[in-house]
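Participant: This structure is in structure tokens; I'll ask about it shortly.
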Amino acid sequence: MTEEYRSDFRREGPRRVGQVKEVTSLANPIVKDIKALSDKKTREETGTFMAEGLKLVIDALELGWKIRTLVYAKAAKGKPLVEQVATKTVANGGLVLEVSEKVLSSITRRDNPQMVVGIFESRWTRLSDIRPENGQTFVALDRVRDPGNLGTIIRTADAAGASGVILVGECTDPFSLETVRATMGSIFATPLIRASVEEFLSWQKHAGAEIVATHLAGSVDYRTVDYSKKPVVILMGNEQSGLPENLAKSATRLVRIPQQGLADSLNLAVATAVMLFEARRHLLKI
Ligand code: SAM
């Protein structure tokens, strides 16, 4: 929180909550604070992130996500759905900002911004709370670096009915604007878990799940595994270096997706999609 906002908050603080505030200046301290959410450190310190689009905001509210601030373009004023989310935001003690398109473009860093943006409290599920059950599939990602890949994987995990995405080691932030955009709303429907390698290794020993690691040197064709006998954790390697030995060794299966052509590997998100839908096929017995 900027010093400016802090003093502004001290001055106006409680009166601001639950009110609709018109903002046209890029220098407005609240706008500055929202823009600062492009920085990971600020997202972590405030425990919040930004999601764009009316549909996403509606879905998030329906799923019980806590909204701190709703921002909408002046042009969206009076639209019934926008009014509804604004009312909900106020009822939940949040702040509603009606802003100029210039402010919205600056917040979202886009020339043609969405009409509605929500600032939500981030949510993590603890690894110790994950007790895989039969029929469940999780994805574990080792040091995923690319925000687009992570967003696409979260979206795919949601679409394939997976029960969560576990981020192992130093991963890109799922709550960055780029990742949230790529999830197309699935960020709100997919439990996210983070763990160090050590935490993941000790958890998986007692998880009672089949740990199916994907590796270019895997000796098993991924189609020969039965994904329906036990809960499954599909373990995927880093984009550049693949899975390190300690993670690969800990898996109960090391599988490969057979390829042809020149490329030596598939894109991480594509390989994850192939695995997830294969597991789903087994679970649905099709
Ligand atoms: N140079 C890396 C390597 O040597 O592993 C390539 C990593 S690949 C871009 C990212 C991850 O996607 C891999 O670690 C693996 O988990 C998965 N992957 C990609 N293609 C695969 C394939 N054909 N079989 C199994 N896993 C694959």
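Taken together, the values in this text are just the output of simple stated rules run on the coordinates, not laboratory data. Small disclaimer: the values here were computed from a predicted structure and weren't measured. Because the Cβ atoms are built from the backbone with ideal geometry, glycine has one as well, and the counts that use them run over all protein chains shown.
Participant: Taking the range 220-276, how much of its Cα-Cα pair set, in percent, is spaced more than 12 angstrom apart?
Facilitator: Taking all Cα-Cα pairs of the range 220-276, the fraction more than 12 Å apart is 71 percent.
Participant: Here's something else I'd like to know. Please compute the modelled spin-label separation between T252 and Q240, points set 7 Å along Cα→Cβ, answer in nm with one decimal.
Facilitator: 3.3 nm
Participant: For the chain, what is the percent of antiparallel DSSP beta bridges, rounded to the nearest 5?
Facilitator: If I count the DSSP bridges inside the chain, around 25 percent turn out antiparallel.
Participant: Continuing with this model, one more query. Can you work out the FRET efficiency for the pair R109 and K285, with r the C-beta to C-beta distance and R0 = 45 Å, to the nearest 0.05?
Facilitator: About 0.45, to the nearest 0.05.
Participant: Which order do the peptides 218-224, 180-186 come out in when sorted by mean C-beta neighbours inside 10 angstrom, highest first?
Facilitator: 180-186, 218-224
Participant: Among T46, T152, what is the fewest-to-most ranking by other Cβ atoms within 10 Å?
Facilitator: Ranking T46, T152 by Cβ neighbours within 10 Å, fewest first, gives T46, T152.
Participant: Which ³J(HN,Hα) values in Hz, rounded to whole numbers, follow from the phi angles of the range 34-47 under the Karplus curve 6.51 cos²θ - 1.76 cosθ + 1.60, where θ = phi - 60° and Gly and Pro get x?
Facilitator: 5, 4, 5, 5, 6, 9, 4, 4, 5, 4, 5, 4, 8, x
Participant: Please compute the length gained on full extension between L201 and D264, using 0.36 nm multiplied by the number of residues separating them and subtracting their Cα-Cα distance.
Facilitator: Length difference between fully extended and current span is 19.9 nm.
Participant: How far apart, in nanometres, would the label points at E83 and E101 be if each is projected 7 angstrom from Cα along the Cα-to-Cβ direction?
Facilitator: Result for the modelled spin labels: 2.3 nm.
Participant: Would you mind listing how long the chain runs along its three principal axes, going by Cα atoms, in whole Å with the largest first?
Facilitator: 64, 39, 37
Participant: Further question: Pairing the Cα long axis of helix 147-159 with the longest principal axis of the chain, what angle in degrees results, from 0 to 90 and rounded to the nearest 10?
Facilitator: With rounding to tens, the tilt is 80 degrees.
Participant: Next question. Pairing the Cα long axis of helix 80-91 with the longest principal axis of the chain, what angle in degrees results, from 0 to 90 and rounded to the nearest 10?
Facilitator: 90 degrees
Participant: Give the long-range amide H neighbours of L235: residues separated by 5 or more places, or on another chain, with amide H under 5 Å away, using H modelled in the peptide plane at 1.01 Å from N.
Facilitator: A140, V212, A213, T214
Participant: Now for a separate question. Ordered by packing density, taken as the mean number of other Cβ atoms within 10 Å over each peptide's residues, highest first, how do 114-124, 35-45 rank?
Facilitator: 114-124, 35-45
Participant: Between T24 and T46, what FRET efficiency follows from the Cβ-Cβ distance if R0 is 30 Å, with the result rounded to 0.05?
Facilitator: Using R0 = 30 Å, I get an efficiency of 0.80.
Participant: Could I ask something else about it? Output the antiparallel fraction of DSSP beta bridges having both residues in the range 3-121, as a percent to the nearest 5.
Facilitator: About 55 percent, rounded to the nearest 5.
Participant: What three numbers, in Å, describe the spread of the alpha carbons of the range 120-199 along their principal axes, ordered from the longest?
Facilitator: Cα spread of the range 120-199 along its principal axes, largest to smallest: 31, 26, 23 Å.
Participant: Dipole size in debye (nearest 20) for the chain around its Cα centre, Lys and Arg Cβ +1, Asp and Glu Cβ -1?
Facilitator: Computed charge dipole of the chain: roughly 540 debye.
Participant: Tell me, what is the FRET efficiency for A91 and A189 to the nearest 0.05, using R0 = 22 angstrom and their Cβ-Cβ distance as r?
Facilitator: 0.45
Participant: Compute the acute angle (0 to 90°) between the alpha-carbon long axis of helix 3-16 and the principal axis of greatest extent of the alpha-carbon atoms of the chain; round to the nearest 10°.
Facilitator: 70 degrees
Participant: Based on the mean of other Cβ atoms within 10 Å per residue, sort peptides 226-238, 69-81 so the most packed one is first.
Facilitator: 226-238, 69-81
Participant: Please compute the net charge surrounding D226, taking Lys and Arg as +1 and Asp and Glu as -1 over other residues with Cβ under 14 Å from its Cβ.
Facilitator: Local charge sum for D226: +4.
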